[in-house]
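Trainee: Pasting a structure below so you can have a look.
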Amino acid sequence: MKFCWSTLHVRNMEESLKFYKEIVGLEIDSRFAAGPGVEIVFLGDGETKIELISGDVSGDTAIGKDISWGFKVDSLDEKLDFVKEKGIDIFEGPFQPNPDTKFFYVLDPNGLKIQFVEMR
């Protein structure tokens, strides 16, 4: 079995796209209307994609407090400086659970925890 994508219903597509493009570094793979008032955008260039859905969705977006998406970075220190320069608060961390792994979390515009991790 192959994992295809993870979906997030977003409050504001443009704000979410700005975050995922500028802060995370993902590019738009595809973008299309999916019915009246509904838009879907797939992000990423690898095998697994992130799907953002905006528009006519039922109810509020509910983000679980124990769910996060992790993204590998070359330098955690550089990413820390970058997100701070962009005015994004560090939500948790940095942590170093072992000598080869360091990470921290920020929140995306919808409240989803985004983990940036450096692995040696």
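Trainee: Tell me, in nm to one decimal, what length is gained between Glu39 and Asp77 on full extension, where the rule is 0.36 nm per residue of separation less the Cα-Cα distance?
Mentor: Extra length available between Glu39 and Asp77 comes to 10.2 nm.
Trainee: If exposed means no more than 11 neighbouring beta carbons inside 10 Å and the site is in a DSSP loop, what's the longest run of the chain without any exposed GluC sites (Glu not before Pro)?
Mentor: No qualifying site falls inside 48-120, the longest such stretch.
Trainee: What chymotrypsin sites (Phe, Trp or Tyr not before Pro) in segment 68-120 are in a loop by DSSP, with at most 16 other Cβ atoms within 10 Å of the Cβ?
Mentor: Sparse-neighbourhood loop chymotrypsin sites (Phe, Trp or Tyr not before Pro): Phe91.
Trainee: Take Arg11, Arg120 and order them by how many other Cβ atoms sit within 10 Å, fewest up front.
Mentor: Values: Arg11 13, Arg120 7.
If I rank by nearby Cβ atoms, fewest first, I get Arg120, Arg11.
Trainee: Within the chain, how many Lys pairs that are eight or more residues apart, or on different chains, come under 14 Å at the alpha-carbon?
Mentor: 7
Taken together, the values in this text are just the output of simple stated rules run on the coordinates, not laboratory data. Predicted model only: the values in this text are computed from it and were never measured. With ideal geometry, Cβ positions are generated from the backbone for all residues, glycine too; neighbour counts draw on all protein chains shown.
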